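Written below as structure tokens is the structure these notes are about.
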Amino acid sequence: MSLSAALALFLGQATPTLREEISAADAALFEIFFERCDPVRLASLVTPDFEMYHDRDGVVATNGAAFVAMYAKQCEAKKASDAWRSRRALLPETLRVEPVPGYGAIEEGEHLFYERKGDGPEKLVGKARFVQLWKKSPDDWRVARILSYAHQAL
């Protein structure tokens with residue numbers, strides 16, 4: 001992180017670099033979760049004390065290891081040729097990133113969800129809002145908390 005970015009983070013000011021870094025971390029997290037099956041990589045993107053709350057599914061996870069284990073089981077199920085597969089698309093115009101001095105950043109926005117069965121056609125199925133708390137570690141960003149809410153079927 002550059003000196004100016006570090007100073008802006010310390011002072012509680014968002015910078016273009018912070019937005020770019022969080023945007024890249026967000027893209028990596030959701031690509032791994034929805035479009036790949038890589039539990040080892042997912043584990044490197046969440047904090048050990050990771051928590052996720054969902055307005056439809058309730059408390060999804062209360063630690064990183066449990067979240068990754070749940071994901072690994074989902075990956076196994078996706079190996080079936082007729083399994084349902086999902087994709088998430090961020091609505092970039094809704095993305096907001098705010099620094100959390102001494103910790104990391106808060107990200108919020110809206111995203112769309114697409115599904116397909118097997119290799120069938122993809123269909124837009126939903127929209128939701130999210131808030132994510134990112135923790136800056138010496139070498140990367142890790143998500144610590146996710147709130148997923150206001151889900152709507154489309």
**Single condition Ser23 does not satisfy, out of (1) of a type in the set (S, T, N, Q); (2) modelled with pLDDT under 95; (3) buried (at least 16 other Cβ atoms within 10 Å of the Cβ)** = (2)
**Prompt:** Among the residues of region 90-109, how many are under 19 Å from the mean Cα position of the chain (by Cα) and either surrounded by fewer than 14 Cβ atoms within 10 Å (Cβ to Cβ) or of a type in the set (S, T, N, Q) (or both)?
**Reply:** 6
**Asked** What about Ser4, is it in a helix (DSSP H, G or I), of a type in the set (Ser, Thr, Tyr), modelled with pLDDT of 95 or more and farther than 21 Å from Phe67 by Cβ?
**Response** no
**Message:** Taking the condition of being crowded, with 18+ Cβ neighbours inside 10 Å and either of a type in the set (Val, Ile, Thr) or at positive phi (or both), how many residues in region 110-154 meet it?
**Reply:** 2
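The values are calculated or read from the model by the stated rules, or taken from the named source; none is laboratory data. Quantities reported herein were computed from a predicted structural model and do not represent experimental measurements. Glycine gets a Cβ as well: all are built from the backbone with ideal geometry, and neighbour counts include every protein chain shown.
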